[in-house]
């Protein structure tokens, strides 16, 4: 559709963890010809991809930022390697109360205020960071899964913002950071005086 862009809202790990995820995905590409997941940085999807008018992109980012003004930063803990069927291998994330509430708030806002379709994946939220999908062949699934489990990324990180992402030239790119209101990156008005 002309004038429409494809977007999603997600969380990104810090650069040190992103580098580890990228190395793992590059190993999948080199050893197993599984490359599709390299088209996006490692991310946890909070709102599934949706179409939106590109002319209103800045307004969309502003509305999402306003929504997150009251969001408190929280820790995100990476757990184990999991999978959905034999077509998706991912890093699982502990479903903390803060994470689940953030996703519910965002899901409700997108449906009510932005009039976006609520996808099944939005309603059945299972926090994860995809490592291999779409071009993962059932024939080498077990081998790729074993490799992922042997090379799993471990750790936790502080989440202080979400990101509005856009598909540009078949790759997902950050369009706007959506900084939480109580994040050190977004000091309160009283702290600035």
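Details
- Shape parameters for the range 110-155, alpha-carbon atoms, Rg then Dmax in Å: 15.8, 44
- Nitroxide proxy distance, nm - points 7 Å out along Cα→Cβ at residue 33 and residue 152: 2.9
- For the chain, the longest principal axis of the Cα atoms and the long axis of helix 141-150 meet at an angle of about 70 degrees.
- Separation between Cα centres of the range 129-179 and the range 34-81, rounded to whole Å: 12
- The modelled label-to-label distance for the pair residue 100/residue 63, using points 7 Å beyond Cα in the direction of Cβ, is 2.8 nm.
- For the listed peptides 111-117, 13-19, a ranking on the average number of other beta carbons within 10 Å per residue, highest first, reads 13-19, 111-117.
- With only the Cα atoms considered, the chain has a convex hull volume of 127 Å³ per residue.
Laboratory data are not the source of any read-out in this text; all were calculated from the coordinates shown. A quick note: this is a predicted structure, and the numbers were derived from the prediction, not measured. Virtual Cβ from ideal backbone geometry, glycine too; neighbours counted across all protein chains shown.
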